[in-house]
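The structure under discussion appears below in the form of structure tokens.
The values are calculated or read from the model by the stated rules, or taken from the named source; none is laboratory data. Bear in mind that the values here come from a model prediction, so they are computed numbers and not experimental data. Cβ: placed from backbone, ideal geometry, glycine included. Neighbour counts: every protein chain shown. For the accessible areas, the whole protein counts, side chains as well, though only heavy atoms, and no ligand, DNA or RNA atoms are used. Shrake-Rupley method; radii C 1.70, N 1.55, O 1.52, S 1.80 Å.
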Amino acid sequence: MGCAIIGCGKSLPALAVANDDLTQLVDTSDEWITTRTGIKPRRIAVGETNVDMAEAAARQAMGLVEGGYCEAPIDPESIDLVVYSTCTPDVLVPSCAALVRRRLGLVNAVAFDVNAACSGFIYAMSVAESMMASSALGVAGAGRRNKVRRALVIGSERLTRITNWKDRTTCVLFGDGAGAAVLGAGKKGNPLALSFSTSPDVAALDVPGLAGTSPFAGTGRPASRLSMDGRRVFRFAVAAICDAVEGLAAKAGIAVADIDHLVLHQANERILAAAVKRLGIDDARVARTLRDTGNISSACIPLALDRLARAGELEDGDLVALVGFGAGLDIGACLLRWK
Ligand code: ACO
């Protein structure tokens, strides 16, 4: 059995913050941000929670409301699994996936979160796809409960909660938002190839955790704020994207030039441009959402997919390569045929 993306949706918070607005906070300029990153406005969640955005994106992906891509509305009871990628959950327990399940009435779905930062959506999709494949083989046993025929996969982030608003080298890069996709039955052998790899470097991009919050463990670090070595991430990202795309093409027995759509994690326009140039791929085939949203970590890939699908740019049979990369530093990639 194989799987296909049968619905896509997205949600962005209402507040748009322009580059000029950030000059009130740090010593920066629209010109610097635009030329070094390609980002114009980003959206910042003020009233919206992570789960609010995920719920709205999921409703679109399931065709329960207008605004997404979905050929026919998807019955909430037909969803067997929710995998929710986030590194900025509203709460740790219950999982954000369980909260979305309750809000959408997905009464038959098992639900859990994954955190692999910006590559998280690819890992979430891959977990969903392998649970669908193993349940088709009957690995988990027979019966309704052990069948995963449809999965809701979400990438949702409130990165601006962990942004260091005093650090001009990072605060200009990030935004908030959510994207979602529904996986259903598809052609045998889809996805055509997967690629997972790492270049272990936890210091390149770091958000200090909760260590030390117990009264027995000292004072610890009170606030969790993101820090990053931008140049290190840049070098890693360009090389990792190229390796992943070439690896996917080799595994699937196609040429890189055969890929119809390249959907890369949207970290920085210069990373996209450098990777595209090195791969020699036609720039028009590269999805771009970064300019209007900034980097939204694991929401970037489903958001870009939703935009392509709604614009009618994804035709049946098209080859789509998805590449996520981020904190860890880890990379996940997937080549699939659209339908
Ligand atoms: N406004 C104005 N000046 C700035 C700003 C800013 N927002 N940020 C940095 N500068 C200054 C620096 O202080 C430095 O000044 P100096 O020369 O006087 O010391 C100068 O600009 C150059 O700084 P660099 O860090 O060398 O700038 P660079 O050209 O490398 O661009 C950037 C920085 C955009 C972060 C780049 O390294 C990059 O794109 N890295 C990739 C990281 C990334 O995109 N991460 C996203 C999150 S990770 C992920 O999603 C996987």
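Tabulated values for the structure
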| quantity | calculated |
| --- | --- |
| Distance in nm between pseudo-label sites at A311 and A18 (7 Å out along the Cβ direction from Cα) | 2.4 |
| Loop-located trypsin sites (Lys or Arg not before Pro) in the range 116-208, at most 12 other Cβ atoms within 10 Å (DSSP) | K166, K188 |
| Accessible solvent surface per residue of the chain, calculated while the other protein chains remain in place, 1.4 angstrom probe, Å² | 43 |
| Estimated 222 nm signal from helices in the chain, with DSSP H stretches of n ≥ 4 weighted -39500 (n - 2.57), rounded to 500 | -9000 deg cm²/dmol |
| Choice from A321, A18, A299 showing the highest fluctuation, given a GNM over the chain with Cα pairs closer than 10 Å | A18 |
| Packing rank of 232-239, 37-44, 114-121, where each peptide gets the mean count of other beta carbons within 10 Å, highest leading | 114-121, 37-44, 232-239 |
| For T163, net neighbour charge (Lys/Arg +1, Asp/Glu -1) across residues whose Cβ lies under 15 Å away | +2 |
| Student exercise, the chain dipole from Lys, Arg, Asp, Glu Cβ charges, in Debye to nearest 20 | 560 |
| Relative contact order (percent, whole number), the chain, Cα cutoff 8 Å, 6+ residue spacing | 25 |
| Net lengthening on full extension, L25/A239 (0.36 nm per residue, minus Cα-Cα) | 73.7 nm |
| Where only C-alpha atoms are counted, convex hull volume of the chain per residue in Å³ | 141 |
| Rounded FRET efficiency, nearest 0.05, which uses the C-beta distance separating D318 from R36 and R0 of 22 Å | 0.10 |
| Net lengthening on full extension, A273/D206 (0.36 nm per residue, minus Cα-Cα) | 21.6 nm |
| Dipole of the chain [Lys/Arg +1, Asp/Glu -1 at C-beta], most positive-end residue of M131, H261, V245 | M131 |
| Carbon plus sulfur fraction of accessible area for the chain, probe 1.4 Å, in percent | 53 |
| Estimated inter-spin distance, F196 and R103, nm [label 7 Å along Cα→Cβ] | 2.8 |
